[in-house]
Each structure stands twice: as C-alpha cells, then as structure tokens.
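Single-structure report; data block below.
The values are calculated or read from the model by the stated rules, or taken from the named source; none is laboratory data. Computed from a predicted model, the values in this text were never measured in an experiment. Ideal geometry is used to build each Cβ from the backbone, glycine not excepted, and the neighbour counts take in all protein chains shown.
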2 protein chains.
Amino acid sequence: MPGRGQGTYRARMQLLTDQDRTVNQRLDAELEKVEGRFAAELISDLPCVNALVSHIEQYRGKMLRPRLVLVAAMACTDADEPLNDAHCVLATVVEMVHMATLVHDDILDDADVRRRGRTINDLEGNETAIMLGDFLISHAYHLCSSLSDPRISRTIADTTNTVCEGELLQLANRNNRQLDEQTYFEIIRRKTASLCGTCCWLAASLAGGDDEVADGLYEYGERVGVAFQIVDDLLDLVGLEDTVGKSLGRDLQKGKLTLPLIRHLMTAAEPARQQLADLLDRVPAGLDPDQVSAIRQLIIASGSVEYANDWASRLVEQAKTPLARLPDTPARGQLARIADTVLTRKS
Amino acid sequence: MPGRGQGTYRARMQLLTDQDRTVNQRLDAELEKVEGRFAAELISDLPCVNALVSHIEQYRGKMLRPRLVLVAAMACTDADEPLNDAHCVLATVVEMVHMATLVHDDILDDADVRRRGRTINDLEGNETAIMLGDFLISHAYHLCSSLSDPRISRTIADTTNTVCEGELLQLANRNNRQLDEQTYFEIIRRKTASLCGTCCWLAASLAGGDDEVADGLYEYGERVGVAFQIVDDLLDLVGLEDTVGKSLGRDLQKGKLTLPLIRHLMTAAEPARQQLADLLDRVPAGLDPDQVSAIRQLIIASGSVEYANDWASRLVEQAKTPLARLPDTPARGQLARIADTVLTRKS
C-alpha cells in the first residue's frame, strides 16, 4: 500500500524479523489483489455509477477487515502454501460490506467529510448515498455468491443481519440517557464486532482449520472489533479532526451515547454528573463548540475517557488469548500486532 | 388473501373455469406460505426490530413478484405436482427485496404515506428507514443462500445490482429536461423490470424448464415489469390519492421525468410545450397544488397520458407472445391475466 503512512511502516518493519517481513510482504501483495478485485466487481456500463465508485474508493483506510481475513488465513496455512482464491474473494466481500456501511453511516451521522474528502451524501445528496450503499451491498453478495460453497454467503448474510440489528438497536436508543454499559456493548458487538469475528472465522474455515481454531479466531476477531469500536467512539469525542480526517462530534450531535458518557452518567460525582446530563439535554437543539468542549473536559476529568481506554486495552489483551490455539508462526504474531494497532491508531 | 379486494376477486372468479379456480386456490395457498416465511425469516431477539417489521408488513400489496414466481413455476410443472419448496423460498426472497426497495424509495421520495399507513421515514426518521431497508435486503440474501444451488443467490444479486444501477441512473437524471424516452426505458427496465424478469426466469429454472421456456418467461416478466412501471408513474401523476393510498406527485416534486412528461416536452405543440417547461423550472422551489394540476391538464390535453397508456397496453400484449412457448394450461392463462391486471390497477 504505497503512499500511506510509509514512515511509521518503515519504523515498524525494523523491529521485525525476516519471517515477519515475509508475512507483511505477502499481506501487501494480497491486499493489492483485493483492491483490484474490488474495482473489477463494481465496474458498470453506466458512467454515472463508475464516477461514484471512484469517489468512494478514496475512502479506503487501513483495510482492517480484509487484513483480518488474510492474516487469519495465513495463520491457518503452511508458510509456503499460497492462500486460495476464495480468501481474496472473501477479503474483498468484507471490504465491500464495510464500505457500504460507511456510505450509509455517513447519512445517519449527517457527516460531510470522510478521509479528508467530501461524503457522497454531502456531494450528491442522501438519495444517491442510499442507492450507492445498496449498490455496494448488492455487489458484496454478488461477489460472495461466486464462491461454490453457499455456506459462505449464508454466514456473510447472517452477519449483516446482525450488523443491521446493532444499528437499529443503536437508533432505538438515541437520546436514551438511561442507556447502560451492557446495551452499549451489545450494540457494538453486533454492529462492528460481529463482522470482524466472521472475517476470522470464515478465513479459518476456508483454510481448513478445525472448529476449535476457527472458534478461537472468532473470539479474537470479535474482541478486536469491540475494542476498535470503543476507540472509534473515543476518537469521535476526544480526537483531533485534522488527524482523524472525518467529521467529529457526530455521535454527540446525534444523541448517540458511548462508553465514556455512559460511565460518567453512571458514576461521576456531583455536580459533574448533573453538568453532563444538563449538557446532553441540549443535544436536540444542537450543541455549540463550547458545549462540546465542556463535555470533553467533564469526561476526561471524571476518568471516564481513561475507563473506556482501559476497557479497550483489556479487550485487546483478551483477544490475544485464543491465539494460543494456533501454531506459533509469524502470521500469529501479526494477528497480535493487528490487535495492538487498534489501541494506537489516531484515525 | 382474504380481506383484500374481495368484490373484484369474486367477480373475476365467476368468469373462470374450474381448472382456473384450482390454479387460483393453489396460488392463494402458496402466497399464504410466503407470508409465513417472510415473517419467520425476520424474527429478531430485539423487540425494537420486530416492531418495525410488523409495521412494514402492512405495506404488503398484491404481491406481484411472488405471484410471478409461483405462477411461472406452475406453468412449468405438471398440474398435479406440488411446487417445490425452493419456489416458496424464492417468492419470499423477491418480496423481501421489493419491500426493501419500498422502504428506501420512500426516503428518496420524501413520502409520508404508503398503503394508507405512515412510512417508516415519516414515523421513525430517515436513519431508521435506511437501516430497516438494509436489514430487509440482508435477510433476503440470507434466506436466498439457504438454497443449495449458489446460482440462485448469484442471479438474485446480479438482479439487485441492476436495480440499484437503474435507481442511480434515475437520480443522475433528476431535473434533466433533455431526458429521452430511450433513457427512461433503460431506467425502468433496470429498476423495475429486471426483477420481474428474474422472478419468472428463476421460477422456470427451478422447475426444470428448458432454456427456451425460461428465456421466454424472462421476456414476459420484463415486459410486464416495464408496463407496470409506466402505469405506476402514470398513477403518481394522474391517479387519485385516496385510491392509490400513497403520497402522489412525488416524481414531479423530485424532478423525476416520466413518460408523459418526456413525450409532451418532445412533441407537444407550442405554447403547451413551453408551458410545461416553464412549470418544470419551478420544481426546485417546490410546486403548489395549482401548478401540479396545470401540469396534469397539459399532459392530458396533449395526448401524452394516452401515449403512455398505449405504450403500457402494447407491452402487455407483447408480454403474452412468449407465453406461446409454454403448454396451454390454466397457469399459462393466469400469467396472461396477471399481465392484464397491470393495466387495470388503480393502486
């Protein structure tokens, strides 16, 4: 993936062994294939469709989900054996599903910027964004059904059912000041972590891994996904817009309560607890930058941001536990490193 | 389907032979199974999801697409032979795909009423409507992938790719006063007719029909679908809100040019042509009821509404031609009658 974060990448590479480097090179080569497959699947005879697709290809980030597929597959395959083509298809499918959710999420969040570019809803209106998201999800299933085993399609669709339920549960809890941690975790388990778990589980199954290994990888992926979402929610609250590269504070403005806010409302001492409650009362009328900043200060001061960060760290450690069921290979080490990057990411 | 249009149904039944009645009874029994399967597929452990699903089940109309699947299947099967379970699954899948497009279309059209009930976007906001549509489409693919032959999922996804392209092409042509008939037909072929064609084609394939029969049924379904959309567009322009049971005039307000408008702009004598053009210039600012009424009068007076109706009638006749490839059975007669109902529907 030339051009993206080369500096950090090189620094990291110096800490790695030759074997680790081989895994990274294989991964980069596979991710390039995924990008090609992604573009090939979406080509249309309609120029207006191709223009939209080119635009959203700029949203591509670190490709966490395809990475999970490919590295989990490598961890279940002998080092010299190439990945089978189904893994590349699966990695492309999960990236496409993810891209569809980004396009629809940007409408839900009224977001105008993503990866420093304008969102489709901002550029072309909500209608086009809805249909482009539908087009992406349709193509994800289309590509997935090119695999001969219908269980893959079934598992992917089962997962997207769960993802949509998570989003609907979140919407049903907008402005719900009583939202508890358990429901918050249930929302993010469904909307984010289920797909990460499925990436790893299907990769193992396709590589012929036994049930114990596949289930262990599901646990790994799910925990990484929950940690990822906690950090994502934190970035929206306390991140820097220029670094994150997308509209921030959207969760607050949309009445979406995330972990630090829930924690603060449940445990902070008065008057800090009531101060946050009063500020959240103003959400329906729209928060001004000073109010957003006051919310930030409150949740940092009460230790609620730290609490959420601790949760993410603990989950990342727990994610690594089931990796012990895998043979000790550089790919397994790479899975552990992917988990770690969830905590250090700034965007 | 008790309770819906019983009067008309009885009058029609009197014109039928005993054999025809048997086909109708089989169809009603199969449609009931489809309703059950639809509900069973969508059950969630989340009450908020179940409440949304119950609401949209009230949108159910004449079930054109499941009807096409089931009657096409009967037309390819011996009269005594029951339909196989895959047909019921397929009929449920296409109804679910259709329901998803209704939920998303209502957002695109800013519609507040459907089948005399409030739309999800009006009731719960656009965000929930987007996610509910995604949930429905996800379950459609999930159910479809329960079929052992992955080609069914592949064909359904290929068709939804085309449906989305049709919608995107339509959106790209909003307020395009130069839209020509050819592009209009291309839009509705993709967004509506492709799914109707696929219903018939897959039904024939699943029943073991040969390629010639399946392709003939595709042509039939596609033409029925184009005629259906022309009439749907006409109802939006010149129908009666109380009869149609949904928000009308949405196409106009959304800058969507349909056949009578295109015809009028291309061929009407001056000053009527310019009068319509001037009225359409006001669309971005919003049309008042008098302006909508003036548009109606113009397109009726210029014969453009009749022109669109003639197109629909011709397509219905053309749809029946490939039915000659099928054995002369009551189910074949029923297919011809389904085509006819497209022209007489008032909602």
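Here are the numbers:
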{"quantity": "Which listed residue, of A:Pro327, A:Pro322, is out of contact with any Pro (no Cβ under 6 Å at 6 or more places or on another chain), surrounded by 16 or more Cβ atoms within 10 Å (Cβ to Cβ) and over 21 Å from A:Asp232 (Cβ atoms)", "calculated": "A:Pro322"}
{"quantity": "Qualifying residues in the range B:101-118 (those that are more than 8 Å from chain A (Cβ to nearest Cβ) and modelled with pLDDT of 85 or more) - the one surrounded by the fewest Cβ atoms within 10 Å (Cβ to Cβ)", "calculated": "B:Arg118"}
{"quantity": "Near pairs, Cβ below 6 angstrom, 6+ apart or cross-chain, from the range A:323-347 (at pLDDT below 95) to any residue that is in a loop (DSSP other than H, G, I, E, B) and surrounded by 15 or more Cβ atoms within 10 Å (Cβ to Cβ)", "calculated": "A:Ser347/A:Gly245"}
{"quantity": "Criterion: touching an Asp or Glu at 6+ places or on another chain (Cβ under 8 Å), in a helix (DSSP H, G or I) and more than 23 Å from B:Gly303 (Cβ to Cβ) - qualifying residue of B:Leu202, B:Leu169, B:Leu195, B:Leu217", "calculated": "B:Leu169"}
{"quantity": "Selection count, the range B:77-97, where residues are touching a residue at least 12 places away in the same chain (Cβ under 8 Å), surrounded by fewer than 24 Cβ atoms within 10 Å (Cβ to Cβ) and not polar (S, T, N, Q)", "calculated": "5"}
{"quantity": "Unique residue being within 14 Å of chain A (Cβ to nearest Cβ), surrounded by 18 or more Cβ atoms within 10 Å (Cβ to Cβ) and either under 21 Å from B:Leu83 (Cβ atoms) or within 23 Å of the chain's Cα centre (by Cα) (or both) when the list is B:Glu41, B:Glu30", "calculated": "B:Glu41"}
{"quantity": "Number of the exception - A:Ile152 against (1) in contact with a Cys (Cβ under 9 Å, 6 or more places away or on another chain); (2) crowded, with 24+ Cβ neighbours inside 10 Å; (3) touching a residue at least 12 places away in the same chain (Cβ under 8 Å)", "calculated": "(2)"}
{"quantity": "Helices (runs of 4 or more DSSP H) contained entirely in the range B:229-346, each with at least 1 residues that are within 17 Å of the chain's Cα centre (by Cα)", "calculated": "B:241-244, B:250-253, B:259-267, B:304-320, B:330-344"}
{"quantity": "Residue ID - nearest to B:Arg332 (Cα to Cα), chosen from residues in the range B:44-70 that are touching a residue at least 12 places away in the same chain (Cβ under 8 Å) and within 14 Å of chain A (Cβ to nearest Cβ)", "calculated": "B:Ile56"}
{"quantity": "Selection count where residues are touching a helix residue (DSSP H, G or I) at 6+ places or on another chain (Cβ under 7 Å), surrounded by fewer than 23 Cβ atoms within 10 Å (Cβ to Cβ) and farther than 11 Å from B:Cys76 by Cα, scope the range B:195-214", "calculated": "1"}
{"quantity": "Where A:Asn126 falls short, out of the listed (1) free of Cβ contacts under 8 Å to residues at least 60 places away in the same chain; (2) away from chain B (no Cβ under 12 Å)", "calculated": "(2)"}
{"quantity": "Index of the failed condition, B:Ala73 passing every other in (1) at the interface with chain A (Cβ under 8 Å from one of its Cβ atoms); (2) buried (at least 22 other Cβ atoms within 10 Å of the Cβ); (3) within 20 Å of B:Lys33 (Cβ to Cβ)", "calculated": "(1)"}
{"quantity": "Given (1) more than 21 Å from B:Asp232 (Cα to Cα); (2) within 10 Å of chain A (Cβ to nearest Cβ); (3) not in a helix (DSSP H, G or I), number of the condition B:Phe135 does not satisfy", "calculated": "(3)"}
{"quantity": "Where a residue in the range A:155-168 is under 16 Å from A:Trp201 (Cβ atoms) and facing chain B (nearest Cβ under 8 Å) and its partner, wherever it lies, is acidic (Asp, Glu) and part of a helix (DSSP H, G or I), with Cβ under 9 Å and at least six apart", "calculated": "A:Thr160/B:Asp134; A:Val163/B:Asp134"}
